[in-house]
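Chemist: First the structure, which I've put down as structure tokens, then a few questions once you've had a look.
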Amino acid sequence: MANNTVAPKSGLRRRIENFFIGLASAYRFVERFFKEVWFPPYEFKELIRQCYQIGYNSLPLISLTGFIVGVVFTNQSRPSLAEFGATSWLPALISIAVVRAMGPLVTALIAAGKVGSSIGAEIGSMKVTEQIDAMEVSATNPFKFLVVSRVLASTFMIPVLVMYTDFVALMGAFLNVNQNELVSMSTFFVQVFDAISFLDISSSLLKSLVFGFTIGIVGCYKGYNSTKGTEGVGKAANSAVVMAMFLIFIEELLALQITNFFRQL
Amino acid sequence: MQNKVIEVRGLKKSFGDLDVLKGVDLDLFEGENLVVLGKSGSGKSVLIKIMVGLLTQDEGSVKVLGQEVKQLNSKALNELRLKIGFSFQAIALYDSMTVRENLEFPLVRNVKGISKAEKDKLVEGVLESVGLIQTINQMPSELSGGQRKRIGIARTLILKPEIMLYDEPTAGLDPITCMDINQLINQVNEEYNTSSIIITHDLTCAKVTGDRMAVLLDGVFGAQGEFEEVFQHATIPSVKSFYDYNFIQ
Ligand SMILES: Nc1ncnc2c1ncn2[C@@H]1O[C@H](COP(=O)(O)OP(=O)(O)OP(=O)(O)O)[C@@H](O)[C@H]1O
Ligand SMILES: [Mg+2]
């Protein structure tokens with residue numbers, strides 16, 4: 001209705017305008033999170049519930065993918081190392097690849113799909129069915145209750161899931177190495193831990209915190225700003241996943257630059 | 001002269017180029033049921049959302065229980081909101097919670113240190129009032145539309161509000177269930193001593209529940225008064241057609 005009366009703007013100009021309007025509103029959303037997270041009332045109960053949901057719901061999928069990634073990566077790396085007669089380096093190679101890159105990335109991408117979409121859809125449907133307004137009129141701050149608790153939960157839980165994925169992937173790799181190179185478990189894990197440094201582990205966990213925050217805040221933002229109707233909810237869930245995945249790759253790239261800088265010190 | 005619980009003066013609200021409310025004046029007196037009629041999109045929901053601070057007006061004044069809503073800080077606004085029961089057009093039950101948890105939600109968040117026994121007593125009390133005690137452990141998705149409306153009303157009653165705002169309480173229900181809801185509205189008014197605004201398209205609902213009617217036409221209240229006054233002697237064509245159409249149906 002309102003749009004009909006507005007003079008049509010050229011497509012490109014409107015797109016650029018919408019992009020910046022979107023950027024500004026996303027910025028305000030993140031800013032609001034950092035303003036509200038410090039002050040009471042703290043929604044501990046909701047936070048625990050969300051942590052449980054995020055961790056528990058992602059577990060089966062992450063176990064499966066982590067394991068398969070471990071097995072496949074080991075198998076595919078073997079021929080190249082075998083050319084140099086260096087298959088004994090497999091545990092070290094896998095360890096570095098899993099801890100530095102694949103564990104965090106695989107976990108974050110899967111969580112973006114699973115957790116991000118469910119946060120987007122849940123908050124989106126609460127928005128369009130006026131449940132968020134209902135919270136507000138019963139004198140509860142919906143931003144705190146819904147957004148802050150979910151963002152914190154996913155920020156805490158993704159690193160936990162990443163450690164778990166690392167472990168499962170290394171177990172997959174171990175089974176494969178054990179069958180082919182007859183390496184024992186203790187030898188395998190000694191080599192695994194020798195290969196990685198404190199910097200590897202800490203940067204991987206820090207990166208995971210950022211991934212977790214991204215997944216949570218993008219899901220909440222898209223849900224909170226979803227438009228009326230069931231179509232809006234679907235769109236919110238979908239764009240939450242796309243946006244989170246995109247940002248995760250960008251952050252991965254940045255994290256690589258930053259850790260490389262520290263490695264050179 | 002009766003006390004005014006809500007006083008709206010010169011209220012204007014637009015969304016972009018769309019002028020929805022163009023200078024609305026309205027009073028709600030203590031103890032009365034005021035019915036607000038108007039066609040879809042005329043801004044009825046916007047009007048009552050401004051009253052609880054979910055939306056903010058562009059111009060004009062809205063006083064609820066003597067306080068200018070726009071000027072309240074968030075703490076004072078929350079205190080005011082607890083005195084107002086808002087029954088949403090979309091009902092807005094929390095669909096991840098059971099009926100019991102839905103009803104407890106406003107309680108546990110606003111009444112500090114309430115015991116479990118007190119909580120149960122209040123929850124069961126309001127469920128009795130709306131006649132749905134058997135649904136206490138069900139999820140909202142398992143209830144019928146009429147039952148959900150009643151639970152929605154029950155949730156707003158739990159903090160014993162002074163003012164009730166009903167946004168289309170009978171929309172989408174069969175005529176018999178509509179009558180049940182109408183009776184519930186009247187019963188709430190007596191039992192809880194509330195003053196209410198009831199938004200509706202449904203003239204039967206208006207006639208049964210309303211002490212006074214106000215018709216929102218083109219962003220202002222075009223006609224106000226008792227049912228007969230507004231409708232039987234309607235001079236404004238759109239009010240008359242509203243009436244005729246409802247009863248032909
Ligand atoms: N948050 C909002 N942003 C933009 N436009 C809005 C918003 N809320 C309402 N409107 C517009 O204001 C107008 C009035 O809406 P409102 O919901 O008050 O209508 P209504 O009288 O309650 O209609 P119905 O009987 O269909 O519920 C509509 O045209 C709607 O599109
Ligand atoms: Mg409405």
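Chemist: Taking the Cβ-Cβ separation of residue B:114 and residue A:96 as r and a Förster radius of 51 Å, what is the calculated FRET efficiency to the nearest 0.05?
Modeler: Numbers: r = 56 Å, r/R0 = 1.09.
Efficiency for this residue pair is about 0.35.
Chemist: Right, next: If you take the square roots of the eigenvalues of the alpha-carbon gyration tensor of the protein assembly as shown and sort them as a ≥ b ≥ c, do you get rounded (a/c under 1.5), prolate (a/b over b/c) or oblate?
Modeler: Prolate, because a/c is 1.5 or more and a/b exceeds b/c.
Chemist: Estimate the FRET efficiency between residue A:20 and residue A:260 by the formula 1/(1 + (r/R0)^6), using the beta-carbon distance for r and 35 Å for R0, to the nearest 0.05.
Modeler: Details: r = 32 Å, r/R0 = 0.92.
So, using R0 = 35 Å, E works out to roughly 0.60.
Chemist: Take each complete run of DSSP H in chain A, measure how far its Cα atoms stretch along the helix's own axis, and keep only those covering 20 Å or more with mean Kyte-Doolittle hydropathy at least 0.5; list them. Please list the in-between numbers first.
Modeler: Values: long enough: A:11-36 (37 Å, -0.19); A:44-83 (56 Å, 0.33); A:149-181 (47 Å, 0.86); A:198-224 (39 Å, 1.06); A:230-264 (52 Å, 0.84).
Span-like helices in chain A: A:149-181, A:198-224, A:230-264.
Chemist: Just to be sure I understand: if you take the accessible area of chain B alone plus chain A alone and subtract the pair, with a 1.4 Å probe, what total do you get in Å², rounded to 100?
Modeler: Values: alone 12070 and 14980 Å², together 25290 Å².
That pair hides around 1800 Å² of surface in total.
Chemist: Just add up the charged neighbours of residue A:243: K/R +1, D/E -1, any other residue whose Cβ is under 14 Å from the Cβ of residue A:243. Walk me through the intermediate numbers first.
Modeler: Numbers: positive: A:222, A:235; negative: A:251.
Charge balance in the 14 Å sphere: +1.
Chemist: Which chymotrypsin sites (Phe, Trp or Tyr not before Pro) in the range A:77-157 pass both tests, a DSSP loop state and at most 13 other beta-carbon atoms within 10 Å? Don't skip to the answer; put the middle values down first.
Modeler: Details: sites: A:84, A:89, A:143, A:145, A:156; in loops: A:84.
Loop-located and lightly packed - A:84.
Chemist: With each pseudo-label sitting 7 Å past Cα toward Cβ, what's the residue A:193-residue B:176 distance in nm, one decimal?
Modeler: So the label points at residue A:193 and residue B:176 sit 7.3 nm apart.
Chemist: Rounded to the nearest 0.05, what FRET efficiency do residue B:71 and residue B:139 give with R0 = 45 Å and r taken as the Cβ-Cβ distance? Could you check?
Modeler: Here the calculated transfer efficiency is 0.65.
Chemist: Which GluC sites (Glu not before Pro) in the range A:36-89 sit in a loop by DSSP (not H, G, I, E or B) and have at most 15 other Cβ atoms within 10 Å of their own Cβ? Walk me through the intermediate numbers first.
Modeler: Working: sites: A:36, A:43, A:46, A:83; in loops: A:43.
Here no loop site has a sparse enough neighbourhood.
Chemist: Let me ask another. Give the accessible surface of chain A per residue, rounded to a whole number of Å², with probe radius 1.4 Å and ligands, DNA and RNA excluded.
Modeler: On the way: 14090 Å² over 265 residues.
Ligands and nucleic acids excluded, the figure is 53 Å² per residue.
Chemist: With no solvent and one point on each alpha carbon, what is the Debye value of log10 I(q)/I(0) for chain A at q = 0.08, 0.09, 0.14, 0.17 Å⁻¹?
Modeler: Those come out to -0.41, -0.51, -0.98, -1.25, one per q.
Chemist: Taking amide H positions as placed 1.01 Å from N in the peptide plane, with prolines and chain starts having none, which residues 5 or more places from residue B:138, or on another chain, fall under 5 Å of its amide H?
Modeler: Those lying under 5 Å, H to H, from residue B:138 are B:99, B:100.
Chemist: Divide by every residue of the protein assembly as shown the summed helix terms, -39500 (n - 2.57) for each DSSP H run of at least 4, and state the resulting mean residue ellipticity at 222 nm, rounded to the nearest 500 deg cm²/dmol. Mind dumping the intermediate values first?
Modeler: Working: 20 runs with 307 residues, N = 514.
One gets -19500 deg cm²/dmol as the mean residue ellipticity at 222 nm.
Chemist: I've got another one for you. Can you list the residues of the range B:213-227 with backbone N under 18 Å from a point 7 Å past the Cα of residue B:22, pointing along Cα to Cβ?
Modeler: So the set is B:215-224.
Chemist: Another one. For the range B:1-144, state the semi-axes of the equivalent ellipsoid (square roots of 5 times the eigenvalues of the alpha-carbon gyration tensor), sorted largest first and rounded to whole angstrom.
Modeler: Details: eigenvalues 204, 70, 46 Å².
For the range B:1-144, the semi-axes come out at 32, 19, 15 Å.
Chemist: Put simply, what bits of the range A:135-173 lose 10 Å² or more of accessible area when the other protein chains are there, versus the chain on its own (1.4 Å probe)?
Modeler: The answer is A:135, A:136, A:137, A:138, A:139, A:140, A:145 - residues whose exposure falls by at least 10 Å² when every protein chain is included.
Chemist: Can you tell me the accessible area per residue over chain B, all protein chains present, probe 1.4 angstrom, in square angstrom?
Modeler: On the way: 11200 Å² over 249 residues.
The answer is 45 Å² per residue.
Chemist: Shifting gears a bit: For the pair residue B:3 and residue B:229, how long in nm is the line joining their label points, each one 7 Å along Cα→Cβ?
Modeler: 2.3
Chemist: Sticking with this structure for a sec: In whole percent, and with a 1.4 Å probe on the protein chains, what portion of the accessible area of chain B is carbon and sulfur?
Modeler: Numbers: 5450 of 11200 Å².
Heavy-atom surface of chain B belonging to carbon and sulfur, 1.4 Å probe: 49 percent.
The values are calculated or read from the model by the stated rules, or taken from the named source; none is laboratory data. Everything numeric in this text was worked out from a predicted model, so none of it was measured. So basically every Cβ, Gly included, is an ideal-geometry build from the backbone, and we count neighbours across all protein chains shown. In case anyone asks, the SASA skips ligands and DNA or RNA and just uses the protein heavy atoms, side chains included. Shrake-Rupley method; radii C 1.70, N 1.55, O 1.52, S 1.80 Å.
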